[in-house]
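Encoded as structure tokens, the structure appears first; notes follow it.
The values are calculated or read from the model by the stated rules, or taken from the named source; none is laboratory data. Model, not experiment: these values are computed from the prediction. For neighbour counting, all protein chains shown are included, and Cβ atoms are generated from backbone atoms with ideal geometry for every residue, glycine included. For the accessible areas, the whole protein counts, side chains as well, though only heavy atoms, and no ligand, DNA or RNA atoms are used. Shrake-Rupley method; radii C 1.70, N 1.55, O 1.52, S 1.80 Å.
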Amino acid sequence: MEIRLSGILCQATGGASTVEVSGATIGEMLASLALKHPAIQDHLDDGVAVAINGEIYRDRTDQVIPKGAEVFLLPRIEGG
Amino acid sequence: MSGVTVSAKVNGDAVQYVCPPSESLMDVLRNRLNLTGVKEGCGTGDCGACSVTLDDRLVCSCLVLGAEAEGRAIGTVEGLSQDGELHPLQTAFIDHAALQCGICTPGFLVAAKSLLGRNPNPSEEEIRYALAGNLCRCTGYDKIVRAVQSAAKVMRKQKRS
Amino acid sequence: MPYETDYTNQKFSVIGNRVNRPDGVDKVTGRAKYGADASAAGQLVGKILRSPHAHALIKKIDTSKAEKLPGVKAIVTGDDFPDFTGGNRSLMDTLENCMARGRALYDGHAVAAVAAVDAQTANQALKLIKVTYKKLPHVTDVDEAMKPNAPIVHDWIRTAGVDPAPTTASNISQRNEFGHGDVETGFAQADIIIEKTFKTEQTHQGYIEPHACLATLGPDGVGELWVTTQGHFTFRNMCASLLGLDVAKLKVTSSEIGGGFGGKTHVWMEPVALQLARKSNRPVKLVMTREEVFKATGPTSSTSVDVKIGAKKNGRITAASAELRYQSGAFPGMWGMLGAMTSFACYDLKHVKSVGYDVLCNRPKVAAYRAPSAPMAAFGVESVIDLLAAELKMDPVEFRIKNAAKKGTQASYGPVYGPIGIGPTLEAVKNHPHMKKRLGKNQGRGVACGFWFNFGGQTCTDLNIGIDGSVNLTVGTVDVGGSRASLALIAAEELGVDYDQVRVTIGDTSSLGHNDTTEGSRGTFSSGMATIFAARNAVDVMKQRAADTWGIPVDQVVWEEGVARAKGRQNSNLPPLSLKEIAAKSPRTGGPIAGHNEVVADGAGVSFASHICDVEVDPETGSTRVIRYTVVQDAGKAIHPDYVEGQFQGGAAQGIGWALNEEYIYGDDGTLQNAGFLDYRIPVCSDLPFIDTEILEIPNPNHPYGVRGVGETSIVPPLAAIGNAVSNAVGVRMTHVPMSPPRILKAIEDAQ
Ligand code: FES
Ligand code: FES
């Protein structure tokens, strides 16, 4: 599947804003991404947010990614 | 350290305490008499969280010395509820959701009681100006003003009957 | 309704009722215990010595005289905090912010602390500590700090997010770019382009309760912390990792919290209190003064923002871009990034680009303030939107409706939106009676929109049913604004019992699994979700008990309105068993009945708000009065409407203060000039009108009841709504917040 990245994360993929990865869940997808672009690991350790069809997930690595879903990796966000 | 011995009335009860001459009434009430319903938001007279009455005058207890209370009557939020019944202002604050975090509530209740004692039927503007010395950061004051309006109504009715 | 989903027609029995909050009596009688209200036998008073300089090398700290003062039991400095961070930079930043390590980075930075038998002795001891400073050049303005020759706050910072990676130090900690399409193409298609620069000053969350805690920590590494916090589990983890303690050995209890708004999401002086307690082996109570709160905790960023938007004559926006420079205080933050992500989130844009910079200054470490970073970005964007509408001779609300994001729009921060509420809030604004009210002389009306993400996060709840059928619900999310009432409603709804039967307790860190901080508008959303699941687990237990009592298989039992019923013809002779009856029999049917749930409650759903504001400006003095204010926001299902309205009104009031009065004022020497409520003036009762609210309930499909976060979005539109209103009233565009009387007068003068 193709995922998209934004903000500072693109630096870790050598500037690419779309990356081809595999995985049925958020956890598997992130693992596959880190395998391809090891530099992203630092960001994953700090935490990232994953938007699946527009819905933002911050922590649930077991979240299933539906087929054909739009997956967007965002920097982790904080609130008040 | 030398202390001053003070006899006063707090919420109707006679009390005695010893405090350094420089200690504020707020610290006396909170730390020596355990009346922690008196809140400290600033210690400089700017927030009203420490509001109490001193002989029926509304004061910021952080600006009054403990020693100044000699022979006087102090009223705190702890004295609002009588005979196991909440004061109409207390009931109104709960009913109108006039508190979120609640840290400002004791000060508002004491200040509002003092206002309604002076003026049983205040206009919205009079309420707003009378409570302008009490800061609330959570509510935007909307529900506080409504609660005071409604308590005033209840209290006027109680008085008539 | 244009926004119907599966959840719109859910029937609730108690949800949505305006019940009295369970902690109300405690809070109106003065019984509720906040951070500074706890005491322990033999407790010491802790006090912190703070830097009087904006930036200085700490050459020497001589504590010998203070140590000899009778009654002083412990003194700590940076040397008393060994590095347990294992190279984790953000932990080290937190530690260094709690206590300086060799360098004071802002006016108010902690450099030493004492614990003594009483406050007087502790204050005296502070005076006896001799610190030798060497002053260093400082910078407090965000634009100044970005200049190439600016004094450098940290020489190890290299700007992240730029290619190629820089090799020299800078105050810009990171650059983040968001967007899609190609803005140059978009601007080329525009008939009108408007470009403007905006500034906003630093403000404080201004919770009325100062930070306060009571700490004990023995030589065995076992400790307790009573503290005012938005997240006691997070505080536990942070304190344990900063002090090298086992997480399980530190028990943290959250006191009642007197406001937080993001400012109580991080530790500020709690590790210091624990270290003083360890050194003295006595309980230490540490309470900040208001001045300390202003100087050394939580403010939000000051910002400088460029916005450029282009549109066609037909009212469609063709491109939008922004550069956002956010000051993050003396430590790196993500605030510029959040500004860049949220700036254009309300609109449907083909070509959009936003670039956020996080910039270090010699000011206190910035913390979240409600929807962090979004209000300042919205101030710039919503002002330019109004300017464009005026140029196009379009009604500003119509112009926004025409360009509003909707389901399927690609958000400016990346993903494609599901069902969202910006359109409905704008329609509600358009039809609101407020919009029809005639304006008088010197009056102006402004409208603005706002967006915030909302999050869920790790949550854990415990629900126990008592022998009499009453229910104890223990949650781990701090109640910052009445969430206990909402959670009791949810438990009552799910179990089919009366609201009064449920008591909600906030559990300490030893009684529940980890719960994330109450931030990101998550309290009612996530604990509500965990409560539903915990209650359903308890219902499963009760169904089993009923089945056992009846001697039938459990799949023949249903739970309806608080009673177990046996289904099917063959069971028609079995009378239903109520929750009360099942509970009464529980000792003999298998023991206590409980339900438990751990969940990562993701999917909180983004939220939008549109505000309307009328102001009257006195052209002689430049002073502004808000005469009418209306908040329209999408809340998902409103569990307890009073507290939803309360969040709307509170956020709006904070925004009004920010827009008109509040600002940190730094002197040329880099010290804060107005660290008190007298000179940092937050709105008082007589400054404000009643604040009207309209709750739109656009259910969140990711929550069983359709709940969304509601707490933060309300602070996003006010700066812009008031900016637009004031600009309309005086006929000059306001670009600098707060719009204090001198700034308004100057703007009028400059225009003439
Ligand atoms: S504590 Fe006395 S007025 Fe603020
Ligand atoms: S309710 Fe929090 S300050 Fe008033």
Can you list the residues, at least 5 places off or on another chain, whose amide H is less than 5 Å from the amide H of residue C:405, using H built in the peptide plane? C:347, C:348
Descending packing, highest mean Cβ count within 10 Å first, for C:640-650, B:115-125 is C:640-650, B:115-125
Would you mind pulling out the separation of the Cα centroids of the stretch C:413-481 and the stretch C:27-42, in Å? 31
How much accessible surface does residue C:626 have with a 1.4 Å probe, in Å² rounded to 10? 10
Name the shape class, rounded, prolate or oblate, that the alpha-carbon gyration tensor gives for the stretch B:88-160, where a ≥ b ≥ c are the square roots of its eigenvalues, rounded holds for a/c under 1.5, and otherwise prolate holds if a/b is larger than b/c and oblate otherwise. prolate
Using only the alpha-carbon atoms, how far is helix B:142-160 inclined from the longest principal axis of chain B? Give it as 0 to 90 degrees, nearest 10. 90
For residue B:10, which sequence-distant residues (separation of 5 or more, or a different chain) have an amide H within less than 5 Å of its own amide H, given hydrogens modelled in the peptide plane? B:15, B:74
Check which residues have an amide H placed less than 5 Å from residue C:634's amide H, if you skip close sequence neighbours. C:608, C:696
Accessible area per residue in Å² at 1.4 Å probe, computed on the stretch A:14-66: 48
Here the stretch C:263-269 yields Karplus 3J(HN,Hα) values (6.51, -1.76, 1.60; θ = phi - 60°; whole Hz; Gly and Pro given as x) of x, 10, 9, 10, 6, 10, 9
When Cβ neighbours within 10 Å are restricted to other protein chains, what is their mean count per residue of peptide C:645-657? 4
In whole angstrom, the spacing between the Cα centers of the stretch C:129-194 and the stretch B:52-100 equals 51
Within a 10 angstrom radius of each residue's Cβ in C:161-173, how many Cβ atoms of other chains show up on average? Whole number is fine. 1
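At a 1.4 Å probe radius, which order do C:580, C:68, C:47 fall into by accessible area, largest first? Numbers along the way, then the final one.
Details: C:580 120, C:68 155, C:47 45 Å².
So the residues, ranked largest to smallest area, are C:68, C:580, C:47.
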A correct Karplus calculation of ³J(HN,Hα) over the stretch B:72-79, with 6.51 cos²θ - 1.76 cosθ + 1.60, θ = phi - 60°, whole Hz and x for Gly and Pro, returns 10, 9, 10, x, 10, 4, 5, x
May I ask you to list, by number, the DSSP H helices of chain C whose Cα span along the axis is at least 24 Å and whose average Kyte-Doolittle hydropathy reaches 0.5 or more? C:374-391
Sequence order, the stretch C:694-704: Karplus ³J(HN,Hα) from phi using 6.51 cos²θ - 1.76 cosθ + 1.60, θ = phi - 60°, Hz rounded, Gly and Pro as x, gives 9, 8, 9, 9, 9, x, 8, x, 8, 10, x
Asserting the computed 222 nm helical MRE of chain C (DSSP H runs at least 4 long, -39500 (n - 2.57) per run, divided by residue count, to nearest 500) equals -8500 deg cm²/dmol
Calculated FRET efficiency for the pair residue C:89/residue C:147, C-beta based, R₀ 22 Å, to 0.05: 0.30
Computed over the stretch B:60-161, the relative contact order (Cα-Cα under 8 Å, seq sep at least six) in percent reads 34
10 Å Cβ neighbours from other chains, averaged over peptide C:338-347: 1
Percent relative contact order of chain C, based on C-alpha pairs within less than 8 angstrom and at least six residues apart? 15
Cα-based Rg then Dmax for the stretch C:45-146, in Å, read 14.8, 49
